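The values are calculated or read from the model by the stated rules, or taken from the named source; none is laboratory data. Predicted model only: the values in this text are computed from it and were never measured. Here the Cβ is made from the backbone with ideal geometry for all residues, glycine too, and neighbour counts use every protein chain on show.
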Amino acid sequence: MGQISARNLTLGYGSKKVLHNLNLTIEQGEFLSIIGPSGVGKSTLLMAINATTSILDGEFQVLGQDLTSLKNHEIKALRAKIGVIFQGFNLVARMSVLNNIASGMLAKKNLIAALFKYYNHRQYEQVYEYMRVVGIEAEALSRCDHLSGGQKQRVAIARAIAQKPEIILADEPISSLDPVSARRVMETLKHANEKYGITVVSNLHQLNYAKEYCNRVIGINQGRIVYDGPAQELSPSIVDRIYHADRPKKEEAIDLVPSFTGQGLQMPA
């Protein structure tokens, strides 16, 4: 059994089913991307790993924990092992890069140290290491509202690493970035994945980045997994199946089949 395991899993909100009969296993150290048209449940699956989505049926285990029966304190303990990177960065704008990254350690500090944001010498050394890993050390004392979008996302990645997670969830981490910044962020995530052995599960719309940086891709359409395999095997016919599974006639959307050239290719919704 892997770090993440789903068997006949149905996810949704309230009584509304979004994803149906999912079966998948994600092993430690994978760099995986979830792709598919907008609104098919990519973020639903991603956030389910963080125990924020209702499990309507089936089995779901994350880091050895059965998510169908966790109590509140167990959910909190699980989330402490999972770092989350959002499209909107979720940084404290007026705080420095250094303090934003160091805040990733707060969950593991005692109450008094957390309240006063006290970090010892060793912890500051670790923060500097994380800044170097993401290439943001030159901006250590800069306020985060003075940074570019790409820099902010690298700070968010460093903050997630500071949490010392076993899994990082990246929800559309490059969708608002220019191609150069997007590539730098993907390289940073890949470096963190390889250096620390952290499992990375991301949602991406840009297929060329998924093919270049991810080991594995899960394609979703109509609430179901329609592809689960190596990123390098994403042929045009497989992409067509992922993004146009509900298309009535093949010839109606021939011009919509994407190529794998160009930077930051944005798939049709």
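Things to note:
- Index of the failed condition, SER33 passing every other in (1) more than 14 Å from the chain's Cα centre (by Cα); (2) modelled with pLDDT of 95 or more; (3) hydroxyl-bearing (Ser, Thr, Tyr): (1)
- Complete set of residues in the stretch 209-229 that are touching a Ser or Thr at 6+ places or on another chain (Cβ under 8 Å) and over 25 Å from VAL185 (Cα atoms): none
- Of all residues in the stretch 2-20 being loosely packed, with under 15 Cβ neighbours inside 10 Å and in contact with a Gly (Cβ under 8 Å, 6 or more places away or on another chain), the one that is nearest to LEU169 (Cα to Cα): ARG7
- Among residues of the stretch 38-78 being buried (at least 18 other Cβ atoms within 10 Å of the Cβ) and β-branched (Val, Ile, Thr), the one that is farthest from ILE4 (Cα to Cα) is VAL40.
- Hey, GLY223 among the small types (Gly, Ala, Ser), at positive phi, buried (at least 17 other Cβ atoms within 10 Å of the Cβ) and out of contact with any Pro (no Cβ under 9 Å at 6 or more places or on another chain) or not: yes
- The stretch 16-63, residues that are assigned to a loop (DSSP other than H, G, I, E, B), free of Cβ contacts under 8 Å to residues at least 40 places away in the same chain and of a type outside the set (A, V, I, L, M, F, W, C): THR52
- The set of residues in the stretch 101-125 that are surrounded by fewer than 17 Cβ atoms within 10 Å (Cβ to Cβ) and at pLDDT 90 or above contains only GLU125.
- Residue that is buried (at least 20 other Cβ atoms within 10 Å of the Cβ) and either under 23 Å from ARG216 (Cα atoms) or more than 18 Å from the chain's Cα centre (by Cα) (or both), where the choices are LEU169, LEU141: LEU169
- Residues being aliphatic (A, V, I, L, M) and either surrounded by fewer than 19 Cβ atoms within 10 Å (Cβ to Cβ) or within 17 Å of the chain's Cα centre (by Cα) (or both) - total across the stretch 21-30: 2
- When the stretch 116-147 is filtered for residues that are more than 19 Å from THR188 (Cβ to Cβ) and among the charged types (D, E, K, R), the ones remaining, listed by number, are LYS117, ARG122, GLU125, ARG143, ASP145.
- Annotation note: of SER142, SER148, SER176, SER181, the sole residue that is at pLDDT below 90, among the small types (Gly, Ala, Ser) and at negative phi is SER176.
- Among the criteria (1) out of contact with any strand residue (DSSP E or B) (no Cβ under 8 Å at 6 or more places or on another chain); (2) buried (at least 22 other Cβ atoms within 10 Å of the Cβ); (3) more than 23 Å from ILE82 (Cα to Cα), the one PRO236 does not fulfil is (2).
- Filter result for PRO173 (out of contact with any Lys or Arg (no Cβ under 6 Å at 6 or more places or on another chain), in contact (Cβ under 8 Å) with a residue 60 or more places away in the chain and over 22 Å from ILE4 (Cα atoms)): no
- Residue match in the stretch 206-215 (condition: in a loop (DSSP other than H, G, I, E, B), more than 18 Å from GLU30 (Cβ to Cβ) and more than 13 Å from the chain's Cα centre (by Cα)): yes
- Check on GLY229, outside any helix (DSSP H, G or I) and touching a residue at least 24 places away in the same chain (Cβ under 8 Å): no
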